[in-house]
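J.: Mind looking over this structure? Questions follow.
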Amino acid sequence: MLTRRRFVTASAIAGAGLAAGCAARKNSAWEFLSEKDARTLTAICDQIIPADDFPSASQAGVLTYVDRQLVRHFQRFQKAYIKGLNHANLLSRKRFSLDLAEATPQQKLQIVSAIEQQNPEFFELVRSHTLQGYYGSPRHGGNREGVSWRMLGLSEPPIRGSAQYDLASGSRP
Amino acid sequence: MKRVNAVVIGAGAGGGIVAKELSMAGLSVVLLERGKWYTPYDCRKDDLRNQRTAVLGNAFGPEDHGNPRVWVDPAGAEHIALPSDGIYQNNAACVGGGTFSYGAMAWRYLPQDFRMKSTYGRPEGSSLEDWPIGYDDLEPFYEKAEYEIGISGDYSGTPFHGPRRRPLPMPPLPPNREFEILEPAAKRLGLHPFHIPMARNAVPYNGRGSCMRCRWCVGFACEVDAKNGSQNTVIPTALSTGNCELRTKCMVKEILTDNGGSARGVAYFDADGHLQEQPSDIVVVSACAIESARLLLNSKSRLFPNGMGNRYDQVGRNLQGHHYTGAVGYFDFDTYDDIGPGASIAVTDYNHGTPGLCGGGLLANEFIRLPIQMIDRMPSDTPRWGLGHKRAMRDFYKRNIVVMGPTQQIPAADARVTLDSTVRDKWGLPVARISGNVHPHTFEIGKKQADRAAAWLKETGAVSISRFAGKGVLVSAGQHQAGTCRMGDDPRSSVVNKQCQIHDVDNVFVIDSSVHVTNGGFNPALTIMAIAYYASEALLRNWKGTQFRS
Ligand SMILES: Cc1cc2nc3c(=O)[nH]c(=O)nc-3n(C[C@H](O)[C@H](O)[C@H](O)COP(=O)(O)OP(=O)(O)OC[C@H]3O[C@@H](n4cnc5c(N)ncnc54)[C@H](O)[C@@H]3O)c2cc1C
Ligand code: SF4
């Protein structure tokens, strides 16, 4: 059990090192996003999956997931992100004279709902990437240490050969 | 290069079996596969990168780079599709083909599935047809596939199956919780539930151990090698004869023709990208429905200016797969037990015999759902995001059962694969262009199947149920793609004869899902395998020394 968890943590650190090493956009710790993009995206993601007694999207590493893939598998969405994030700030400044990241939770919710209405293509992109990052495999940077799987009541790490055990009589994962 | 008796193109379900049968009979065989040979050692359970939820790409090919297709939507607009996009209609590209990572349900079609036109008549606008062979012709070969590949299961619960001489070689896996919930409910409804036949070791078989029932099965490799595909059964046997050479990462470009109109071998790009020619007496095309059609269409010559086997413009037509529909039931107790593979129980009562409908399909419970697969399968009143969605995931992830099934598609001639005139792959070859749709009656059947799935779930005591009836605007030809080189007696309406031999080229055979006239209301792999044994036997019967004569 421990070995696997340690492995996950170790790979998360390795990933972070890599990200810092090739920061593409000036003065950013991210591979693709600027610091400001990251703050705006955090505001949106955390409305899609807010914190309760389990972490929010950004707390579980969803930004790491999206940022890494924007220079890998999601390269074709780079433009959509830049445009979509700018548009989000525009909406927020128009309505509240604040960047989205500076808005109150209530205001953020209103803006994200407005994005869903006015810019549905971008909203769907971010929604699906957020949910994938949060509920997908920890090795891609989201779902840190399998936190969403544990939230759902899945044994994490999984019990190999679980059919061999009488789980009903003992503690169920 | 040294001439060999046979070149087999594609090391998947069909090609693996053909390579084994021919090399066992003493023919020299070269098996060419565009993908790699993965092993259980390469098994990586990644929810975002596998053959089913390919969010970050396919784990077992093809890779997104350099392998596009073109999809034409119902409005006529063209879209470039990458292998990890749904509209690409991917299966796989590796040794084992789809069978390396499949769910491994191993069905026999029913006798009526081979006689769809005689049973139902041909719906207006469809290309529904009978097969030129029947269930009885295939029965011995179904059995051979069940024993050589290794199938577990138990048909004794249902009268809805064709006659069989022997039971399956392995018992089913012990029931999981979903089986225990669904079985009594089905019986109360007067249905005949039974254990799904599976190409999976329930007990040690064929020198490999049994399934350890993990969470990640369909779409993934098996780390204990308990899932049976061509890569761990017939292909190793073929290689052990000393007569078969497997060349991986080799992409076949075209079948070469001599002046008399026979094939003289193939041209292919080797692992280093160099163009090679492999001369042979026979060519067997087993590249799966979309790529087999593309390869034949790309094999142009003076005698076959529109591609091989395509004299009557039949290659690539009647593309079909399965229209999946069903329902999700939500419960007030835990239905999830973390015991893989998950899919366990089925009914085949609804495959045929509903007045007004041309067929139907099996219904079964779904494989273990990964969390990301449930994101959009929450109860219908669930918010799509925010705390409400997060709570629903927590409330229902372990409390749902999905019942669904592959509705038999009613084929149409204009659902087809052609060559795109501009888009090329990384080898410079014109790519497959997918257009058209199956006959609309398919969607009526699918809707009825979803209602039936919902009724079964209702009987189990589900507190709420939502139906899904798929998209009615898409030919769904991905993993179950079939039909593009139809088997038939008439060269004007089919591509191969009942021995899978191309009508006007004696030494070229198509032996894979392409030859299916109709695709049953079942996952197709066992039928592809049975046909591969059947066609290999016919081929060997007609084989005279180093020359092939029909
Ligand atoms: C995730 C998943 C789950 C599935 N679950 C089931 C199931 O439960 N039950 C079931 O019955 N079926 C299932 N299937 C479908 C099943 O795997 C396919 O029906 C079957 O593999 C098709 O067999 P085939 O011989 O036609 O082609 P394939 O098995 O696809 O083999 C074709 C091979 O040809 C190779 N090839 C293609 N073009 C070329 C070329 N030009 N040169 C060289 N090589 C080439 C490809 O790389 C491929 O390996 C599943 C498939 C997948 C991917
Ligand atoms: S469920 Fe069984 S057959 Fe499937 S991958 Fe896991 S161990 Fe292998």
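Here, each number is a calculation from the coordinates, and none is a lab measurement. The model shown is predicted, which means the values in this text are computed figures rather than measured ones. As a convention, Cβ positions derive from the backbone with ideal geometry for all residues, glycine included, and neighbour counts pool all protein chains shown.
J.: What do you get for Rg/Rh over region B:1-148 if you use C-alpha atoms and the Kirkwood form of Rh?
T.: On the way: Rg = 19.1 Å, Rh = 18.6 Å.
Taking Rh as the inverse mean 1/r over Cα pairs, Rg/Rh reads 1.03.
J.: Report relative contact order for region A:29-140 in percent, whole number only (criteria: Cα-Cα under 8 Å, sequence separation at least 6).
T.: 32 percent
J.: For region A:29-140, what is the charge dipole size about the Cα centre, in debye to the nearest 20, if Lys and Arg each add +1 at the Cβ and Asp and Glu each add -1 at the Cβ?
T.: Values: 13 positive and 12 negative charges, 76 e Å.
With Lys and Arg at +1 and Asp and Glu at -1, about 360 debye.
J.: Also, quick follow-up: Using only alpha carbon pairs under 8 Å that are at least six residues apart, calculate the relative contact order of chain B and give it in whole percent.
T.: 22 percent
J.: While we're here: Quick one: order B:Arg394, B:Arg215 by neighbouring beta-carbon count within 10 Å, fewest to most.
T.: The fewest-first ordering by Cβ neighbours comes to B:Arg394, B:Arg215.
J.: Given the pairs B:Lys36/B:Lys471; B:Lys2/B:Lys249; B:Lys448/B:Lys471, which span a C-alpha to C-alpha distance of over 25 angstrom in this model?
T.: The answer is B:Lys36/B:Lys471.
J.: What ranking of A:His140, B:His439, B:His161 emerges when the number of other C-beta atoms within 10 Å of each C-beta is taken as an exposure proxy, fewest first?
T.: In increasing order of surrounding Cβ atoms, one gets B:His161, B:His439, A:His140.
J.: Let me ask something else. Would any residue of region B:71-92 have its amide N under 17 Å from a label point 7 Å out along Cα→Cβ of B:Thr422? List them or say none.
T.: Under 17 Å, as judged by backbone N against the label point of B:Thr422, lie B:71-73, B:76-82 of region B:71-92.
J.: Determine the principal axes of the Cα atoms in region B:454-522, then give the extent along each, sorted from largest to smallest and rounded to whole angstroms.
T.: For region B:454-522, the Cα extents along the three principal axes come out at 60, 24, 19 Å.
J.: Here is a further query. Please compute the modelled spin-label separation between B:Thr158 and A:Glu35, points set 7 Å along Cα→Cβ, answer in nm with one decimal.
T.: Output for this residue pair reads 6.2 nm.
J.: Let me ask something else about it. So, R0 is 30 Å and r is the distance between the beta-carbons of B:His192 and B:Val224; what FRET efficiency does that work out to, to 0.05?
T.: Numbers: r = 32 Å, r/R0 = 1.07.
Working from the Cβ atoms, E equals 0.40.
J.: Using the alpha-carbon atoms, what tilt in degrees (0 to 90, nearest 10) does helix B:177-188 show relative to the longest principal axis of chain B?
T.: Its long axis makes an angle of about 80 degrees.
J.: What angle, in degrees between 0 and 90 and rounded to the nearest 10, separates the Cα long axis of helix B:289-298 from the longest principal axis of the Cα atoms of chain B?
T.: Helix B:289-298 sits at roughly 20 degrees to that axis.
J.: Normalized C-alpha radius of gyration of the protein assembly as shown, against 2.2 N^0.38 Å?
T.: Computed over Cα atoms of the protein assembly as shown, the ratio equals 0.97.
J.: Helix-only estimate, please: 222 nm mean residue ellipticity of chain B, summing -39500 (n - 2.57) across DSSP H runs of length 4 or more and dividing by its residues, to the nearest 500. Intermediate results must be reported in sequence, preceding the final value.
T.: Numbers: 10 runs with 108 residues, N = 550.
One gets -6000 deg cm²/dmol as the mean residue ellipticity at 222 nm.
J.: Continuing with the same structure: If you find the alpha carbon centre of region B:109-125 and of region B:517-544, how far apart are they in angstrom?
T.: 19 Å
J.: Which order results if B:Phe333, B:Phe522, B:Phe100 are arranged by neighbouring Cβ count within 10 Å, fewest first?
T.: Details: B:Phe333 10, B:Phe522 27, B:Phe100 30.
Fewest to most other Cβ atoms nearby, the residues stand as B:Phe333, B:Phe522, B:Phe100.
J.: So how far, in whole Å, is the C-alpha centre of region B:178-236 from the one of region B:29-60?
T.: Cα centroid to Cα centroid, the span is 20 Å.
J.: Identify, among B:Asn58, B:Cys485, B:Ser23, the residue whose Cα sits farthest towards the positive end of the charge dipole of the protein assembly as shown, taking +1 on the Cβ of Lys and Arg and -1 on the Cβ of Asp and Glu, with the dipole about the Cα centre.
T.: It is B:Asn58.
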